[in-house]
Amino acid sequence: MVFTLNARARLTPTHTFTVMSLGKAARSLVNPLRGVLRPFSPALNRSYAAVAEARAVLENELNGIRAAGTWKAERIITSKQGPQINVDGSRSSILNFCANNYLGLSSHPEVVQAGIEALQKYGAGLSSVRFICGTQDLHKNLEQKLAEFHEREDCILYASCFDANAGLFEVLLGPDDAVLSDELNHASIIDGIRLCRAQRLRYKHMDLGDLEKKLQESQSSRMRLIVTDGVFSMDGDVAPLPGICDLAEQYGAMVFIDECHATGFLGSRGRGTDELLGVMDRVHIINSTLGKALGGAAGGYTVGPKPLIDLLRQRSRPYLFSNSLPPPVVGCSTRAVELLLASNEIAQSMTAKTMRFRNKMTQAGFTISGSAHPICPVMLGDARLASVMADDMLKLGVYVIGFSYPVVPKGKARIRVQISAAHTDEDIDHCVDAFIQTGRKHGVIS
Ligand code: PLP
């Protein structure tokens, strides 16, 4: 219940009546109190009615979500993130197959230690945005390491990749430019593009023919930017970057990729989709996250040409108007990047584990979308089935989540399994066995 700024601000409506009768008495004595202890007025009545109406509208919307079987309940984890977790309400530890903890670095001892040291040396936070007094040497150091990791000129940190996507397009593109965006790009890209004034063209998912048509349509624009996820998180499918780069070069466009589901583990050194597909020097701008493979704390960034990064520091709104990344978070992420710069071993450990899961599940009769990516969507179709099967998997000690509309298209509900370098072969086999048991119970496989 929202009240205007007056003495009733923290009182329930029942209390309000007490205050009002006191208010009447007080008014007769002390005139200046008028306006503070306002009488119960028609205006206040209208405001109650507005809130009641909004509440009814919201409840109706919530009931619709429940009825459609697409309600997203949050399970409470009571341990660190990792392949084994404790979930509130479950007796023993649970195998976790739904984190973006691709490299198992979220609770890596060196990553945690680096966070502790940064906390001790630099404090909990900056109480400031970067350009006022929120830039520490550790922010500059991480930016420099990320630019080195991606082999790009410069880097700018954000509080999240959502912010990096919200802040990029508006700065880079004006009304004379065009942005060509895959129709299944992440929500944060869609929102970021909405904020910019460029001509917007959506091409069909990974369809190079349609992209070419849109490039032809936008030839009169000053600049063109092709925008795609490197890996699409719902299906684990990889963007056809060589073809995209060919078209970009043919039609004079720049290429942007969002690498949240690739940085750290795709490609021979874990640099991402551009390394995997041999186009590191043909992709111009990358946004990615520190909240998944790179330690999993939080944060995002843009890497690319120096003038772009310089301009983002001057103009990008989520950078200018939001607090600096906390030092412990920067400390953890920096150590994660250092581990990957020092060795390819962790990055390379993913593939065998991913293929073990995919092959065993396919042999058992399940349909797994995507190809060699650790995102392994077990396709089920029906939203309620995905949700009920995920609940049954939890009873068998495996934590997975059902995804349904609006996160994925209607009729394409699935359980998205994510493999981590920290899973053992036994963990993966246990997960497959649980799927076989629940899949048979619900008639998904015979
Ligand atoms: N882009 C993609 C493709 C993502 O999957 C996500 C996170 O789910 C984001 C951007 C946002 O990243 P962050 O969690 O750092 O805001």
- request: Using Cα positions and a limit of under 13 Å, work out the aspartates and glutamates in reach of LYS353, with same-chain residues fewer than 8 apart set aside.
  value: ASP425, GLU426, ASP427, ASP429
message: Calculate the FRET efficiency for GLN84 and ILE116 from the Cβ-Cβ distance with a Förster distance of 22 Å, rounded to the nearest 0.05.
response: 0.50
- prompt: Based on the Cβ-Cβ distance of ASP425 and ALA372, what FRET efficiency does E = 1/(1 + (r/R0)^6) give at R0 = 25 Å, to the nearest 0.05?
  reply: 0.90
field: About the Cα centre, charge dipole magnitude for the chain (Lys/Arg +1, Asp/Glu -1 at Cβ), debye
entry: 2180 debye
- line: Note on the stretch 286-346: alpha-carbon gyration tensor, axes a ≥ b ≥ c; rule is a/c under 1.5 for rounded, else prolate if a/b larger than b/c, else oblate; result oblate
message: Suppose only helical runs count, i.e. DSSP H with n ≥ 4. What mean residue ellipticity at 222 nm does that imply for the chain under -39500 (n - 2.57) per run, divided by all residues and rounded to the nearest 500 deg cm²/dmol?
response: -13500 deg cm²/dmol
statement: The farthest towards the positive end of the charge dipole of the stretch 270-327, of the residues PHE321, LEU277, VAL303, given +1 on Cβ of Lys and Arg and -1 on Cβ of Asp and Glu, is PHE321
Chain lengthening between GLU61 and ASP246 when straightened (0.36 nm per residue, less Cα-Cα): 62.0 nm
message: Let me cross-check LYS80: its accessible surface, 1.4 Å probe, with only protein heavy atoms counted, in Å² to the nearest 10?
response: 140 Å²
message: Using DSSP H assignments, which helices in the chain have an axial alpha-carbon span of 18 Å or above and a mean Kyte-Doolittle hydropathy of -0.5 or higher?
response: 13-29, 42-67, 109-122, 327-342, 383-395
query: Given the Cα-Cα distance of MET355 and ALA54 and 0.36 nm per residue of separation, how much length would full extension add, in nm?
result: 103.4 nm
- request: On the protein heavy atoms, probe 1.4 angstrom, tell me the percent of accessible surface of the chain carried by carbon and sulfur.
  value: 55 percent
- prompt: Where the centre of each part is set by its Cα atoms, how far does the stretch 350-369 sit from the stretch 425-446, in angstrom?
  reply: 12 Å
- prompt: Per 10 Å bin from zero, what fraction in whole % of the C-alpha pairs of the chain is there, up to the bin with the longest pair?
  reply: 4, 18, 24, 23, 17, 9, 4, 1, 0
query: Counting Lys and Arg as +1 and Asp and Glu as -1, each charge on the Cβ, what is the dipole of the stretch 345-446 about the Cα centre in debye, to the nearest 20?
result: 460 debye
- prompt: Using a ≥ b ≥ c from the Cα gyration tensor of the stretch 247-367 (square roots of the eigenvalues), is it rounded, prolate or oblate, where a/c under 1.5 gives rounded and otherwise the larger of a/b and b/c decides, a/b for prolate?
  reply: oblate
message: If amide hydrogens are placed 1.01 Å from N in the peptide plane, which non-local residues have theirs closer than 5 Å to the one on ALA422?
response: GLY104
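The values are calculated or read from the model by the stated rules, or taken from the named source; none is laboratory data. Being a predicted model, the structure only gives us computed values, none of them experimental. Cβ coordinates were reconstructed from backbone atoms using ideal geometry, including for glycine residues, and neighbour counts include every protein chain displayed. Areas reflect the complete protein model, heavy atoms only, side chains present, ligands, DNA and RNA absent. Shrake-Rupley method; radii C 1.70, N 1.55, O 1.52, S 1.80 Å.
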